[in-house]
Amino acid sequence: MLDRFFIRFSLVFLGALACVVVFADVIQPHDPLAQDFLNRSAGPSAEYWLGTDTLGRDVLSRIIEGARLSMIIGIASPLIAAVIGISMGTTAAYFGGWVERVITRVTDMMMSFDPLLLGVLIVALLGPGLQNLAVAIAFALVPSFIRLSRGSTLAVRQEAYVDAAIAMGRNTTGTILRHVLPNISGPLIVMTTIWVGTAIRLEATLSFIGLGAQPPMPSWGNIVREGVSDIFGSPLPALFAGLAITLTVLSFNVLGDALRDWLDPERRNQ
Amino acid sequence: MRRRGPTGGVLGEGCVVTEEPILKLERLQKVFGGKIHAVDGVDLEVRKRETLALVGESGCGKSTVARLALRLTAPTAGTIAFEGRDITKLPQWKLKSIRRRLQFVFQDPYSSLDPRVTAGASITEPMFVHGLVGFGAKRKAKAGELMEKVGLSARHVDQWPRQFSGGQRQRLGIIRAFSVEPHLIVADEPVSALDVSVRSQVINLLQDLQETVGTAYLFISHDMATVKHIADRVAVMYLGRIMETAPKETFFSAPHHPYSQALLSAVPSSHPRRKRQRVVLPGDPPSPAKTPSGCRFHPRCPMAVDRCRNEVPELRAIGKDHQVACHFAAPNPLNVNELLPAGSTATA
Amino acid sequence: MTAPLLSVEGLRLAFGTGEDAIEALRGVDISIGPGECLGLVGESGSGKSLTAFTTMGLLPTQSQVVAGRVMFAGQDLLQKSERELEQLRGNDLSMIFQEPMTALNPVMHVGEQIAAPLRRHLGLSRKAARTRAIEQLDLVGIPDPHARVDNFPHEMSGGMRQRTMIAMALACDPKLLIADEPTTALDTTIQAQIIELLNGLRRELGLSILIITHDLGVIAEMADRVAVMYGGRVVEESPVDKLFDEPLHPYSKGLLRSTPDIDMPVARRLATISGAVPHVTELPSGCTFHPRCPDRLEICSKEAPEEKCVGAGRRVACWARDVS
């Protein structure tokens, strides 16, 4: 019962979030960058529903604009990571030999770094900015995609239908696309979903320590950072942005778990 | 000299063999992990329209021969020639043109069909890969046509493999192989996973389609009764080597190699009053990781002498189309059944 | 005929309860006399293994006996407590399986595994049990039993493991050995060894054997009498050579005719039984064989035929047989 509730809540929340992101320009009550010097650090009011920050900018509009950035990064980075990771993982498992050894060793090395640390390193190398942020997060997620897809491919590679595909004359790409990928897709879809949550969190964290989106552009991490500097004067901006992050990450995790159950044929039969 | 031993002869359907064999394996070897000699110098040929049964017990390397013949794995040494062309070292992309003429049926009907591909798409896949069928509705119509050929309803083209029984899946696997009218089908134990009452249907289907299309089979099996029913020629394998090849009639009436004799006498009788006199072989086949010296059958052979322990017997012709790898092989051999007292059991 | 050692009477077994219950055994009757070997032959889903397991008191999860008795040496095994059954199992009643690896403990020496029931049931000392274990290994034809007794199962070949399992099963001199597909996983030459071994032991020890198999060859080699099972019922019961001479039930006929025979000249085509073996969840009404039966009558789809005596030791459950 509780599971059901959580899943429904997550779906509704993510649906709403998607609408907000798509229609951000229409929904925003104010320009997220416009400063109202007369209403700085104001509490909630009819004009500013969630109040304003220290520079007098509308918190609600900033959170909506920040959602856009968080979601773009949150979805783009795992997708980039998935494409790179899955191609490397399946290649490694499918061909074996030195290709596999190199890829696994590199993966092991990357796995020994904390994703956050890896993100910090890459942003430090490439410099802050939106694209670099996406690359950094994607890079941090690639190793887990390599591992999972390599493991699943190794299992599927043993199946007679893969031999069948080769023996009937399918080329390697065809065999992988038609027979390997569909059969390893379940766990990968689940992982991508859960990683969306993680990517949003990483983005927030990197922005929080100043390595992500650059002010005045709002992102959830930015908003929390700016809010924290005046947490005792006006706690609301940090609080609402933090809540947005938490709920989004939670929703993606719940959705990932639900997908896992749904895609697992053994559990589905019960 | 391309052939060892006499090959001119009359086969099953009155087809005179003077032409190139479809598949010719020479001195074929496959070593796994540097020490497991799964296949260790196999010479074999499959001729047009014939069924060559490759028999042997588990671990003898017969399935590895199937995988080598299909080039699913590369041999360590030796050559594989398909219709006169050496395909031993061809890269996969160059093999594609060969593969239309070289198809397969695997043992396990449950794992040889991709669970995420519908029945119709699965059975038209070889045609699709080789550009012999269109897209969409055309492909589906073809799939339905194929399914009806093997006694399945065309209405089921969109069903998933798991919705079919084992026997039905094996029919799908068989029509998938036949859809491109191949010249050779490598069939690895195609009926051993099936229920007894379904098995005979599938054997008949295999024979009917063979007759219509004119395909040859490399039929791998451990079941001597099925082999007797379906084969034209028989090759016996033991620990990675061919021990004997012979036309079916010769093989079942007068097997020469002591192992062939033991293998045949081990088959359970088909009537309680016709219990056969049995050569029960002592012990188990040794592992392919440590093959015995000399003739690899010698530790279990009732006829073994010193020469067998030291010298590897070559496969040599002893009669029309009949080759045996045994030092004792002669046109009129001793039968080990006559050497042993009646009802003798294992003296391990 | 003397009183049977084991008789299964009207055994019905179902999975689940109420409306959704699936009846997997639909009234099974078999009996085995002392020193007799009964072959139970059938295909997947016929209920042959289920009958054996129920006899041993090993019911699968979510299944229960709906009706029937399993009489062994005058006692109903189905009424016995788990404790009493444990006393019987391995002692008077033993079982061997298709895959010995699942029945043997991988981290215990085979000697200890053979010794365990000896010490439990017969109260033998550690040393005496070990000596007995070596004797048992010798009895089943394992070479060098003094060394083999300290082997782990994985150090043995498939054939040796099967021999070890037989040694284990026979350690306490059981009266009845239930052998569930004991040679199916083995190669032809090893299968021949095991068949010879079981036949020899039976003569030597006066053992009763219930052999369960799908292979008519194994039946021909071992059994005195045969019970043919299909769809959770025994459809025909007969002395073994009578069945092979003249099968009476259409299913037995089909089975015998459709099996390629190595001793006969090759026919162009094999006889077949049409259709497929039904899954246990979708057994047809009436006689479960009727959709595949060449001799079916009107009544076959409606009502299941009773097993009727048709001559010396022969029973068959078929409507078509009744009419003719």
> How many residues does segment C:256-284 contain that are touching a residue at least 40 places away in the same chain (Cβ under 8 Å), hydrophobic (A, V, I, L, M, F, W, C) and either open to solvent by 60 Å² or more (accessible area, probe 1.4 Å) or facing chain B (nearest Cβ under 7 Å) (or both)?
Replying inline: 1
>> For segment B:120-128, check the following and say yes or no: at least one residue is at pLDDT 95 or above and closer than 30 Å to B:Glu19 by Cβ.
In response: yes
>> Need the failing condition index for C:Asp224 against (1) among the charged types (D, E, K, R); (2) under 27 Å from C:Asp295 (Cα atoms); (3) modelled with pLDDT of 90 or more, just the number.
In response: (2)
> How do the strands (runs of 3 or more DSSP E) wholly within segment B:38-149 filter down when requiring 1 or more residues that are away from chain A (no Cβ under 14 Å) and open to solvent by less than 10 Å² (accessible area, probe 1.4 Å): which remain?
Replying inline: B:51-55
>> Being modelled with pLDDT under 90, open to solvent by 20 Å² or more (accessible area, probe 1.4 Å) and touching a Pro at 6+ places or on another chain (Cβ under 9 Å) is true for just one of C:His154, C:His121. Which residue is that?
In response: C:His154
> When you go through C:Glu9, C:Glu82, C:Glu43, C:Glu86 one by one, which is the residue that is open to solvent by less than 10 Å² (accessible area, probe 1.4 Å) and of a type in the set (Asp, Glu)?
Replying inline: C:Glu43
> So how many residues does segment C:106-148 have that are under 29 Å from the mean Cα position of the chain (by Cα), among the acidic types (Asp, Glu) and within 14 Å of another protein chain (Cβ to nearest Cβ)?
Replying inline: 1
> So B:Asp284 fits all but one of (1) touching an Asp or Glu at 6+ places or on another chain (Cβ under 9 Å); (2) within 28 Å of B:Glu26 (Cβ to Cβ); what number is the exception?
Replying inline: (2)
> When you scan segment C:104-174 for helices (runs of 4 or more DSSP H) that lie fully inside it, which ones turn up with 2 or more residues that are closer than 18 Å to C:Ala185 by Cβ?
Replying inline: C:158-170
>> Can you go through C:Cys309, C:Cys287, C:Cys300, C:Cys318 and tell me which one is farther than 20 Å from B:Ile203 by Cα and exposed (fewer than 14 other Cβ atoms within 10 Å of the Cβ)?
In response: C:Cys309
>> Within segment C:175-187, take every residue that is in a loop (DSSP other than H, G, I, E, B) and of a type outside the set (A, V, I, L, M, F, W, C) and give me the one that is nearest to C:Leu201 (Cα to Cα).
In response: C:Lys175
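Rundown of residues vs (1) more than 8 Å from chain C (Cβ to nearest Cβ); (2) more than 20 Å from the chain's Cα centre (by Cα); (3) crowded, with 21+ Cβ neighbours inside 10 Å; (4) not β-branched (Val, Ile, Thr), yes/no style:
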residue: B:Tyr259; (1), (2), (3), (4): yes, no, yes, yes
residue: B:Leu263; (1), (2), (3), (4): no, no, yes, yes
residue: B:Leu281; (1), (2), (3), (4): no, yes, yes, yes
residue: B:Pro288; (1), (2), (3), (4): yes, no, yes, yes
residue: B:Thr291; (1), (2), (3), (4): yes, yes, no, no
residue: B:Arg296; (1), (2), (3), (4): yes, yes, yes, yes
> Any idea how many residues of segment C:198-218 are in a helix (DSSP H, G or I) and either basic (Lys, Arg) or more than 8 Å from chain B (Cβ to nearest Cβ) (or both)?
Replying inline: 7
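What number of residues within segment B:199-229 satisfy the criterion of being part of a helix (DSSP H, G or I) and either open to solvent by 10 Å² or more (accessible area, probe 1.4 Å) or away from every other protein chain (no Cβ under 11 Å) (or both)?
Qualifying residue count for the region: 13.
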> If you check A:Ser10 against the conditions, is it small (Gly, Ala, Ser), touching a residue at least 60 places away in the same chain (Cβ under 8 Å) and assigned to a helix (DSSP H, G or I)?
Replying inline: yes
>> Which condition from (1) assigned to a loop (DSSP other than H, G, I, E, B); (2) modelled with pLDDT under 90; (3) surrounded by fewer than 16 Cβ atoms within 10 Å (Cβ to Cβ) is the one that B:Ala348 breaks?
In response: (3)
> Taking segment B:101-134, which residues are aliphatic (A, V, I, L, M) and in contact (Cβ under 8 Å) with a residue 40 or more places away in the chain?
Replying inline: B:Leu102, B:Val105, B:Leu113, B:Val117, B:Ala119, B:Ile123, B:Met127, B:Leu132
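The values are calculated or read from the model by the stated rules, or taken from the named source; none is laboratory data. Since the model is a prediction, treat every value here as computed from it, not as a measurement. Positions of Cβ are backbone-derived with ideal geometry, glycine not excepted, and every protein chain shown enters the neighbour counts. These area figures cover heavy atoms from the full protein model, side chains too; ligands, DNA and RNA do not enter into them. Shrake-Rupley method; radii C 1.70, N 1.55, O 1.52, S 1.80 Å.
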